[in-house]
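*Asks:* Provided herewith is a single structure, encoded as structure tokens, for subsequent inquiry.
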Amino acid sequence: MTGKKRMAFDISEADADRIRAAYVGTRAILPPATLSEFITHLLVEATERLEAEHNNGRPWRTPSRSELKSLSQTGVGRNAPGRPGEQDQQQ
């Protein structure tokens, strides 16, 4: 690892409780020593799975700050206007 970077995100209370419970339930048998290490391990594991499934096992390039805006902010991806499943709000 080349240093640490703080990341902040919102998560539902139920998901946060579930993650904390999984950490406490496995900390005696799994390597991560802290909750932060546990969550980092989960995120890296999920990222590696996504890379394997959707990017030929290779990491994607690091996105610019503007690319990190949410889909609802950019109007692209699954929240784009006119996408299947979107209901017309102007009825």
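*Asks:* Residue check, Ile39 against (1) without any contact (Cβ under 8 Å) to a residue 12 or more places away in the chain; (2) closer than 28 Å to Arg18 by Cβ, all met but one. Which one?
*Replies:* The failed condition is (1).
*Asks:* Against the definition (at pLDDT 95 or above, charged (D, E, K, R) and more than 15 Å from the chain's Cα centre (by Cα)), how does Arg78 come out, yes or no?
*Replies:* Spelling it out, it is not the case that Arg78 is at pLDDT 95 or above, charged (D, E, K, R) and more than 15 Å from the chain's Cα centre (by Cα).
*Asks:* Kindly evaluate Thr2 against the criterion of being exposed (fewer than 10 other Cβ atoms within 10 Å of the Cβ), modelled with pLDDT under 95 and of a type in the set (Val, Ile, Thr).
*Replies:* yes
*Asks:* Within segment 5-59, track down each residue that is open to solvent by 70 Å² or more (accessible area, probe 1.4 Å), part of a loop (DSSP other than H, G, I, E, B) and within 22 Å of Lys69 (Cα to Cα).
*Replies:* Lys5, Arg6, Met7, Ala8, Phe9, Asp10, Ile11, Pro59
The values are calculated or read from the model by the stated rules, or taken from the named source; none is laboratory data. In this text the structure is predicted, and so the values were computed from the model without any measurement. Here Cβ is always computed from backbone atoms with ideal geometry, including for glycine, and neighbour counts include all displayed protein chains. Accessible surface areas use protein heavy atoms only, side chains included; no ligands, DNA or RNA. Shrake-Rupley method; radii C 1.70, N 1.55, O 1.52, S 1.80 Å.
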